[in-house]
């Protein structure tokens, strides 16, 4: 039995598309991001007796820029993190490591996930999604 299947497409574990070693020699500056290259926020997935839980690191993403959609048994988390305005006195950035721009993560939910009881809370840059397991309706579960 599986918990959640994570779909990254043809990407490595860090969310970057697979590329050859020669791409390292093609440095185009700190603001260059190849078309179609997206950052992928990290996620923790676990289950309790009553819930499946997904925690997604979306630090710096405004609540209004987050979107959760359900297509069949696949939950998609998408959104946008925008580069903040430069502080007064800063002439230029020398390195930008935190992902910017649009992102998307998809999670295939288990068969016993109750798709009608999905709760999401954004707190301290972490999006916590709780999905109740079916068959536990009569059990009182604390927060």
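The values are calculated or read from the model by the stated rules, or taken from the named source; none is laboratory data. These figures come from a predicted structure and were not determined experimentally. So basically every Cβ, Gly included, is an ideal-geometry build from the backbone, and we count neighbours across all protein chains shown.
Observations on the model:
- Inclusion of residue 78 among residues that are surrounded by 10 or more Cβ atoms within 10 Å (Cβ to Cβ), modelled with pLDDT of 80 or more and under 12 Å from residue 61 (Cβ atoms) is warranted.
- Among the residues making up the stretch 44-60, those that are closer than 15 Å to residue 99 by Cα and either without any contact (Cβ under 8 Å) to a residue 40 or more places away in the chain or in a strand (DSSP E or B) (or both) are 56, 57.
- In the stretch 36-58, residue modelled with the lowest pLDDT [restricted to those that are over 25 Å from residue 114 (Cα atoms) and surrounded by 11 or more Cβ atoms within 10 Å (Cβ to Cβ)]: 37
- Condition met for residue 77 (touching a residue at least 60 places away in the same chain (Cβ under 8 Å), touching a strand residue (DSSP E or B) at 6+ places or on another chain (Cβ under 6 Å), closer than 17 Å to residue 127 by Cα and not in a loop (DSSP other than H, G, I, E, B)): no
- Of all residues making up the stretch 97-129, the number that are exposed (fewer than 12 other Cβ atoms within 10 Å of the Cβ), under 23 Å from residue 63 (Cβ atoms), under 19 Å from the mean Cα position of the chain (by Cα) and modelled with pLDDT under 95: 1
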